[in-house]
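**Student:** Below is the structure I would like to discuss, written out as structure tokens.
No value in this document is a laboratory result; all are computed from the given coordinates. Computed from a predicted structure; not experimentally measured. Here the Cβ positions follow ideal geometry from the backbone for every residue, glycine too, while neighbour counts run over all protein chains shown.
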Amino acid sequence: MYEQLTDYILRRINVTDAQLSIILSHFKLQKTVRNQALLSEGEVAKNIFFVNSGCVRVYFIDENGQEATRYLAFENNCVCGLMSFISGKPSHEFIQAVLPGQLLAISRNDFYYLLDTIPAWEKFYRHYLENAYVINTGRLMSFITQSAGERYRQLLNENAHVVQRLPNKLVASYLNISQETLSRLKSKRF
């Protein structure tokens, strides 16, 4: 159950076996069902989730009342309502288990406890923050500089499993396009 998380951590930081054991002890298994809410708008994000299996998405509701998917986390990725987690303020986002699966959750209190007690955990956190920045900035740039077709082609090249594993509604939401546009793009067979 903790093998994937162990590998994920050890690829990013060097810790002793004792430190690793302490880190892992703070992650709790959480089984999810399809469409299970993990965080709702207005709640404070109290956990970071590591996806052992399944898929989790972070989304918000736009000014037209439409869901806009900001991030998709599949196996071996972490996911969190990071702004709320850091600030301790209510979230403007939702987090949802899109597919049934298993998550390993660490609470905000435990996460910050590890920052205070295991020096290498700060490097882990820095890596997490840097990765989140790169992903979010890349997505923002793609919305500004790329056409819908270019975003779809990039998704196929970099993360084809998104298109293969998720319904069109979620893929369209992730690409910030309508389902009709997605259907047209799929028919072009990039």
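**Student:** Once phi is turned into θ = phi - 60°, what whole-Hz ³J(HN,Hα) does the Karplus curve with 6.51, -1.76 and 1.60 give for every residue of the stretch 28-43, x standing for Gly and Pro?
**Tutor:** 10, 5, 9, 7, 10, 10, 3, 6, 5, 6, 10, 7, 10, 4, x, 8
**Student:** Using θ = phi - 60° and the Karplus curve 6.51 cos²θ - 1.76 cosθ + 1.60, what whole-Hz ³J(HN,Hα) does each residue of the stretch 15-24 get, with Gly and Pro shown as x?
**Tutor:** Taking θ as phi minus 60°, the curve returns 9, 6, 4, 5, 5, 4, 4, 5, 4, 4 Hz for the stretch 15-24.
**Student:** Can you tally the net charge around Ala68? Count Lys and Arg as +1, Asp and Glu as -1, for every other residue whose Cβ sits under 13 Å from the Cβ of Ala68.
**Tutor:** It works out to a net charge of -1.
**Student:** When a/c reaches 1.5 or more, the comparison of a/b and b/c decides; with that in mind, is the stretch 91-158 rounded, prolate or oblate per its Cα gyration tensor?
**Tutor:** prolate
**Student:** I've got another one for you. For the stretch 120-137 and the stretch 14-92, what is the separation of their C-alpha centers, rounded to whole Å?
**Tutor:** About 14 Å separates the Cα centre of the stretch 120-137 from the one of the stretch 14-92.
**Student:** Go through the stretch 124-139 residue by residue and turn each phi into a ³J(HN,Hα) via Karplus (6.51, -1.76, 1.60, θ = phi - 60°); whole Hz please, and just put x for glycine and proline.
**Tutor:** Calculated HN-Hα couplings, in order: 4, 5, 4, 4, 4, 5, 4, 5, 4, 5, 4, 4, 5, 5, x, 5 Hz.
**Student:** Quick one: Debye curve from the alpha-carbon atoms of the chain only, equal weights, vacuum; give me log10 I(q)/I(0) at q = 0.16, 0.17, 0.18, 0.19 Å⁻¹ to two decimals.
**Tutor:** Listed by q, the Debye log ratios stand at -1.05, -1.17, -1.28, -1.38.
**Student:** Indicate the gyration tensor shape class of the stretch 133-190 (rounded, prolate or oblate), computed on the Cα atoms with a ≥ b ≥ c the square roots of the eigenvalues: a/c under 1.5 is rounded; otherwise a/b larger than b/c is prolate and the rest oblate.
**Tutor:** prolate
**Student:** Grab the Cα-Cα distance for Arg34 and Met83, subtract it from 0.36 nm times how many residues apart they are, and report the gain in nm with one decimal.
**Tutor:** 15.2 nm
**Student:** If you don't mind, there's one more thing I want to ask. What number, rounded to the nearest 500 deg cm²/dmol, is the helix-based mean residue ellipticity at 222 nm of the chain, given -39500 (n - 2.57) per DSSP H run of at least four residues and division by all its residues?
**Tutor:** Only helices count here, giving -15500 deg cm²/dmol.
**Student:** Can I ask one more? Please give me the summed charge of the neighbours of Pro167: other residues whose Cβ is under 13 Å from its Cβ, Lys and Arg +1, Asp and Glu -1.
**Tutor:** The answer is +4.
**Student:** Mind listing the long-range amide H neighbours of Glu93? Cut-off is under 5 Å, sequence gap 5 or more, other chains count too, H placed in the peptide plane at 1.01 Å from N.
**Tutor:** Gly42
**Student:** Now a separate question. With a cut-off of 8 Å between alpha carbons and a minimum separation of six or more residues, what is the relative contact order of the stretch 72-186 in percent?
**Tutor:** Across the stretch 72-186, relative contact order equals 14 percent.
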